[in-house]
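Notes to accompany the following structure.
Derivation of every value follows stated rules applied to the coordinates shown; laboratory data play no part. Predicted, not measured: the structure shown is a model, and the values here were computed from it. Neighbour counts are summed over all protein chains in view; Cβ atoms, including those assigned to glycine, are modelled from backbone coordinates with ideal geometry.
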Amino acid sequence: MKLVAQLQLKPSEHQHLLLKATLERANAACQAISDYAWENRVFSQYPLHHALYQTIRADFGLTAQAAIRCLSKVADAYHLDKQAKRHFKEHGAIGYDDRILKYRPDKQLVSIWTLPGRETIPYVCGERQRELLKHQKGESDLVYQRGQWYVLATCEIDEPTPAEAAGWLGIDRGSVNLAADSDGEIFQGDARRSDGTVEARREWITRRTKELQQVGTKSARRRLRQLAGKQDRFQRHVNHCISKQLVQKAKRTKQGIALEDLKGINLRTRVRHEDRAKRGNWSFDQLGSFIHYKARLYGVKVVEVDPRYTSQRCPVCGHTDKANRRSQAVFHCQNPLCGHTYHADLNAAINISDAAPCAGRATAKATVNWPMISAAQLIVPSQG
């Protein structure tokens, strides 16, 4: 399994200028390669290498391996499709391999190629990144962002064999409650703070951005630059925390994880005009991808189930009706012989758990007192 360890470089002022010049020269070479590729309709790395290798080295003063990495970057950019010409930003990330970048984790140093030659630069990182770096293998990226330098190192680690699931922890993802599980727990971010949820933070940042744009002073523009990307970073942090808690719970309780297959939901459903910003801010796919990769790290099985009717079905009597979902937060079964009431998101999570493969598992139950109903009283679920 491939993971990325992010290291922050601490170059001197002179090294900062060297790295910046190297980045600019490499991206200028990538742009020249892209121009040739587009004009001649040649997009694969081998023919590009055959046509441009010597020219790129001579015109841009790159070493052999640096020229190869630039050719590879352009070829990879056109790999997705060849319908639009690719343009490379002046300070876009560039790739390094083991021949032009070496790690010295014992002294927290990297030896990295620059235009004049090799530079040894210190770096800082957390304990997790330090452990990941022991498994570094393959390409690394040099990134310049907001005045800081980073190296993103590709690390390959062994995956544990997924354990057999004794049950399934159903997880319902939503835009109000980011996640709710079939054990009766709801995840929203930091509920202790008024701006601790993702939606509350989005509303605050949107409102604050508008206010600063109207002011238009130099200090306001400086503050706008500080706010840029803050919502994305906060949201990513929250999704990391939630996904880790869910996977650790599944590991601890020896359960697998059952998720709804929400692929294409934005195309299948409509929202009111005033709710479009909230829907656009819903990062269910990111949360799902975090759950998937963390589950692989912990050896937890993950399955995706059909999402149809999971918010409308009563898990007690099986009655399925759109009217069962009274509101965003309330589920109330319309079967007169049942009348089961529960939190709507937790109810959906139980249905997701029930929809997971049932071989060799016990049915997951949330912490709720179900109404007592005899089997003879149950109504056959409608097909709507």
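Values computed for the structure shown
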| read-out | value |
| --- | --- |
| Theoretical gain in end-to-end length, K85 to E131 [0.36 nm per residue, Cα-Cα removed] | 12.6 nm |
| Dipole of the chain [Lys/Arg +1, Asp/Glu -1 at C-beta], most positive-end residue of I205, L9, Y144 | I205 |
| Over the chain: helical MRE at 222 nm, DSSP H runs n ≥ 4 each giving -39500 (n - 2.57), nearest 500 | -12500 deg cm²/dmol |
| Efficiency of FRET from Cβ geometry, D158 and A28, R₀ 41 Å, rounded to 0.05 | 0.55 |
| Contour minus Cα-Cα distance for E39 and V4 (0.36 nm per residue) | 9.1 nm |
| Neighbour-limited loop hits for chymotrypsin sites (Phe, Trp or Tyr not before Pro), region 86-147 (at most 12 other Cβ within 10 Å; DSSP other than H, G, I, E, B) | none |
| Proximal charge balance of P105 [Cβ under 13 Å; K/R count +1, D/E count -1] | +2 |
| Descending semi-axes in whole angstrom, ellipsoid equivalent of region 2-156, from the Cα gyration tensor | 28, 17, 13 |
| DSSP H segments from the chain that extend 15 Å or more along their own axis, Cα-based, with Kyte-Doolittle mean of 0.0 or above | 64-77, 344-355 |
| Among C314, C333, C125, residue whose mean-square fluctuation peaks in a GNM of the chain (springs only between Cα atoms under 10 Å) | C125 |
| Shape category assigned to the chain from the gyration tensor of Cα positions, a/c cut at 1.5 | prolate |
| GNM flexibility winner over the chain from G174, G288, G117 (Cα, springs under 10 Å) | G117 |
| Distance (nanometres) between label positions extended 7 Å along Cα→Cβ at Q248 and Y293 | 1.9 nm |
| Segment T63-L262, extension gain: residue separation times 0.36 nm, minus the distance between their alpha carbons | 67.0 nm |
